[in-house]
Amino acid sequence: MLPIKTADIVIIGAGVMGASIAYHLALRGVRDIVILEKEEFVGQGATGRCAGGVRYQFGTEINIRLSIESLRMLGCFKDETGQDINYRKCGYLFVLTNQRDVTVFKQNVELQRKLGVQTEWLSGDEVRRRLPLMRFEDALGGTYNHEDGLVDPNSVVSGYISAAQRKGVKLLNGVEATGIRVSGGKVSGVETTQGSIDTSLILNAAGPWSAQVGQMAGVSIPVQPLRRQIFTTTPMPEIPPDFPFIIDFANSLYFHREGEGLLIGMSNQNETPGFDQNVDEEFELINLEAAIARMPLVEKARRASHWAGLYEITPDAHPIFGRTPVDGFLVVAGFSGHGFMHGPISGKLMAELILDGRFSSVDVSMLDLARFHEGRLIQEFNVV
Ligand SMILES: Cc1cc2nc3c(=O)[nH]c(=O)nc-3n(C[C@H](O)[C@H](O)[C@H](O)COP(=O)(O)OP(=O)(O)OC[C@H]3O[C@@H](n4cnc5c(N)ncnc54)[C@H](O)[C@@H]3O)c2cc1C
């Protein structure tokens, strides 16, 4: 049975979102917080399976603003929490091979620069000059930002969780939320696999599972789980230490340095929503062939590891922040494949909403749950 019977705030999910919310609430003096995590360890959901990429390069103002704040927070993460997160500013290089993408990315670069993000526009020849190990004869152009890079996801989760625990937050691993008690339109408690906790405030930070958690409170949350997979290679000495995070945008194919080898992923456009987290070996072969076509060197390496995880997709590829029709039931989910990098600022924003009644660091009020039935969708083009 649970050692805890009541809490001021219960957070469901210990991925980057739950961890960041707990830390930022604790930082502002809230101590009576319980985090429920169904797995035995934290960060086993999307966060621990992600590619670790952090970038400023987005196509909507709100995503760029979230990145500006979040990447600044990641930059001082170690000083703030004591946890090293292995932040490597290797840059992201998007390679564009069709005219439509060139047009949209030129607009994106303009928007990014207007907001103070110094992304460079590259010609097709410049892309080929910078990537001598790759075959991009068809590149029409590209974008590069040297401040984009990589961060270790597990270190971010454990850094936030440990810092929150030092401030008194309680973490219950291996405890699954199974029901949410609502009376008179208000939250009154949560049922779990090990008993119930009375509370008047629940945060749904369940990532790909957030629609299921929403259903427990009778709230419809339009987040769909979608499998995405990755493999890593054995050491490839030819890859220089400053090799950027490369994205062949039209093919949703990406490469970045991982240890002495590469991490390679590709989005399967035929994937259907579901919770399957097994690697699709057939698609892995398609991914491998596409990777070899772009980088023949990959053929010489062997697979070191592979895994699959779940994106948490919303209809407009933007996250959902804030209140729901049930009083005391809040949601922060649906980051549509780029939520790791936005975890730090999202936790801070949710703490602001809870304690101040409004978002002040970045105005994300337009990313509310109500936008879906009120027809206020905001499309992001720059999704990999
Ligand atoms: C292959 C892949 C590559 C990616 N690459 C990147 C990238 O390069 N950069 C980037 O920014 N993002 C990337 N993402 C997306 C990123 O991983 C997610 O957007 C982000 O991690 C979401 O964090 P979260 O905390 O909302 O969800 P999660 O990390 O999934 O956390 C939710 C937690 O809730 C728990 N939970 C669920 N239901 C319950 C319940 N009923 N009771 C208790 N606990 C529950 C789960 O076990 C889980 O630990 C990638 C994702 C995948 C799958």
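The values are calculated or read from the model by the stated rules, or taken from the named source; none is laboratory data. Given the structure is predicted, the values throughout are model-derived calculations rather than measurements. Cβ placement follows ideal geometry from the backbone for every residue including glycine, while neighbour counts extend to all protein chains displayed. SASA here: full protein model, heavy atoms, side chains in, ligands and nucleic acids out. Shrake-Rupley method; radii C 1.70, N 1.55, O 1.52, S 1.80 Å.
Below are the figures for this structure:
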read-out: Subset of region 1-23 (residues that are open to solvent by less than 70 Å² (accessible area, probe 1.4 Å), within 22 Å of residue 214 (Cβ to Cβ) and not small (Gly, Ala, Ser)); value: 9, 10, 11, 12, 16, 17, 21
read-out: Per-region count, region 315-337, residues assigned to a loop (DSSP other than H, G, I, E, B), buried (at least 22 other Cβ atoms within 10 Å of the Cβ) and touching a helix residue (DSSP H, G or I) at 6+ places or on another chain (Cβ under 8 Å); value: 5
read-out: Boolean, residue 159 is open to solvent by less than 10 Å² (accessible area, probe 1.4 Å), closer than 30 Å to residue 253 by Cβ and either touching a Ser or Thr at 6+ places or on another chain (Cβ under 7 Å) or not hydrophobic (A, V, I, L, M, F, W, C) (or both); value: no
read-out: Yes/no for residue 304 being assigned to a strand (DSSP E or B) and touching a residue at least 60 places away in the same chain (Cβ under 8 Å); value: yes
read-out: Hits in region 326-380 - residues which are touching a residue at least 24 places away in the same chain (Cβ under 8 Å) and small (Gly, Ala, Ser); value: 328, 333, 334, 336, 337, 339, 343, 346, 347, 351, 361, 365
read-out: Given (1) free of Cβ contacts under 8 Å to residues at least 40 places away in the same chain; (2) aliphatic (A, V, I, L, M); (3) touching a Phe, Trp or Tyr at 6+ places or on another chain (Cβ under 9 Å), index of the condition residue 285 fails; value: (3)
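A quick yes/no check of all residues on (1) free of Cβ contacts under 8 Å to residues at least 12 places away in the same chain; (2) within 30 Å of residue 176 (Cα to Cα); (3) not hydrophobic (A, V, I, L, M, F, W, C):
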position	(1), (2), (3)
34	no, yes, no
39	no, yes, yes
62	no, no, no
81	no, yes, yes
93	no, no, no
108	no, no, yes
113	yes, no, yes
